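The block underneath contains the structure these notes are about, expressed in structure tokens.
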Amino acid sequence: MKKLGFKNFTGFRSSSLAVKFLAAFCGVLVISIGVGMTYLVLDQSRQPYEQELNRLRAVAVQMDTVRDYVQSIQGQLSRDRESVAIRGTVPMVAALGTADLYAAKMQGLFGVRIASDRPRNPKNKADSWEMAQMEVFRSNPSVAEVSAVEELDGQRVLRYAMPVRVTAECMTCHGFPVGEKDVFGYAKEGYQVGDIRGLYSLYVPTTALETRTRQNLIRVYGLGLVMILPPIPRC
Ligand code: HEC
């Protein structure tokens, strides 16, 4: 076997090293671009949903605030109510009434309701998704909100729910003794402070979200191409 000269040997070694180095470089490049792209794609697909959830959350918190406000004037109202019960001043009716007005101003971009498994008003009867979420909140007290993409009345929507918990102030109408009539003539249900009485249930059609997601993805893939094309000829 012919022994390789020193010169040849180093030449061979350095070219093999260069190939290895280039291969490693290309490998690292492809992996890092792949990881980066995956992160961007996931992030950009999630983003419109996150934004929408922030909006829905803000509406739910606003409803909760209206409820608290109307609740805070109950003392004053019940003095006035001795002669007449005013439905519009029921905390939840005020919360839903203002949210309905807001939804109308937003031209049907989202829908809102208050749902309950024991509704006084039949319109508030929880549907199967809402029923399931009430169970989620009841069995996991630390869960503050839930969301999911679901089919609702034949359209795909992003649904959001936040629990409505009973506070001490609610007891005058929803507390004890069970069966006694409240000022509106409804039987008190015997809820306890902390119980889940219902849900703020909101939804937004996903059509606009899907368009935004698509636009985001086109941007990400465009960026990916710009990043990956120039180094390719060197690999
Ligand atoms: C002055 C009496 C009164 C007080 C106080 C009151 N509610 Fe109600 N609540 C009602 C009435 C009446 C309805 C039915 C409203 C309707 O006709 O749509 C109702 C409806 C609701 C609903 C909608 C589901 C359903 O049963 O139709 C929820 C949820 C609710 N109340 C929770 C609360 C919570 C939580 C509080 C305390 C922060 C509270 N309520 C305080 C009288 C009251």
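The values are calculated or read from the model by the stated rules, or taken from the named source; none is laboratory data. Fair warning: this is a prediction, and the values are worked out from it, not measured in the lab. Using ideal geometry, Cβ is built from the backbone for each residue, glycine included, and neighbour counts are taken over all protein chains shown.
Annotations for the structure displayed:
- Check on Pro122, over 15 Å from Tyr203 (Cα atoms), within 9 Å of the ligand (Cβ to nearest atom) and of a type outside the set (A, V, I, L, M, F, W, C): yes
- Restricting attention to the stretch 179-202, the residues that are over 14 Å from Arg120 (Cβ atoms) and either within 11 Å of the ligand (Cβ to nearest atom) or part of a loop (DSSP other than H, G, I, E, B) (or both) total 9.
- Thr65 meets the stated requirement of being within 30 Å of Thr172 (Cα to Cα) and of a type in the set (Val, Ile, Thr).
- Test for Asn124: is it modelled with pLDDT of 80 or more, among the polar types (S, T, N, Q) and under 20 Å from Ile196 (Cα atoms): yes
- Of all the numbered requirements in (1) surrounded by 16 or more Cβ atoms within 10 Å (Cβ to Cβ); (2) near the ligand (Cβ under 9 Å from one of its atoms); (3) under 24 Å from Arg57 (Cα atoms), Gly111 misses one, and that requirement is (2).
- Filter result for Arg113 (under 26 Å from Ser72 (Cβ atoms), among the charged types (D, E, K, R) and more than 20 Å from the chain's Cα centre (by Cα)): no
- Where Leu209 falls short, out of the listed (1) modelled with pLDDT of 95 or more; (2) buried (at least 17 other Cβ atoms within 10 Å of the Cβ); (3) under 30 Å from Ala104 (Cα atoms): (1)
- Single unsatisfied condition, Arg138 versus (1) at pLDDT 90 or above; (2) of a type in the set (D, E, K, R); (3) within 16 Å of the ligand (Cβ to nearest atom); (4) surrounded by fewer than 13 Cβ atoms within 10 Å (Cβ to Cβ): (4)
- The stretch 150-178 residues that are at positive phi, paired with ones that are of a type in the set (Asp, Glu) and surrounded by 21 or more Cβ atoms within 10 Å (Cβ to Cβ) (beta carbon under 8 Å, 6 or more apart): none
- Residue selected from the stretch 49-100 under the condition hydroxyl-bearing (Ser, Thr, Tyr) and closer than 16 Å to Gly185 by Cα, by the criterion modelled with the highest pLDDT: Thr89
- Residue list for the stretch 147-178, filter: within 31 Å of the chain's Cα centre (by Cα), away from the ligand (no atom under 11 Å from the Cβ), surrounded by fewer than 18 Cβ atoms within 10 Å (Cβ to Cβ) and not aliphatic (A, V, I, L, M): Glu150, Glu151, Asp153, Gly154, Gln155, Arg156
- Of the residues making up the stretch 44-65, not a single one is closer than 14 Å to Arg219 by Cβ and exposed (fewer than 14 other Cβ atoms within 10 Å of the Cβ).
- Residue in the stretch 55-62 that is of a type in the set (D, E, K, R), more than 15 Å from the ligand (Cβ to nearest atom) and free of Cβ contacts under 8 Å to residues at least 12 places away in the same chain present: no
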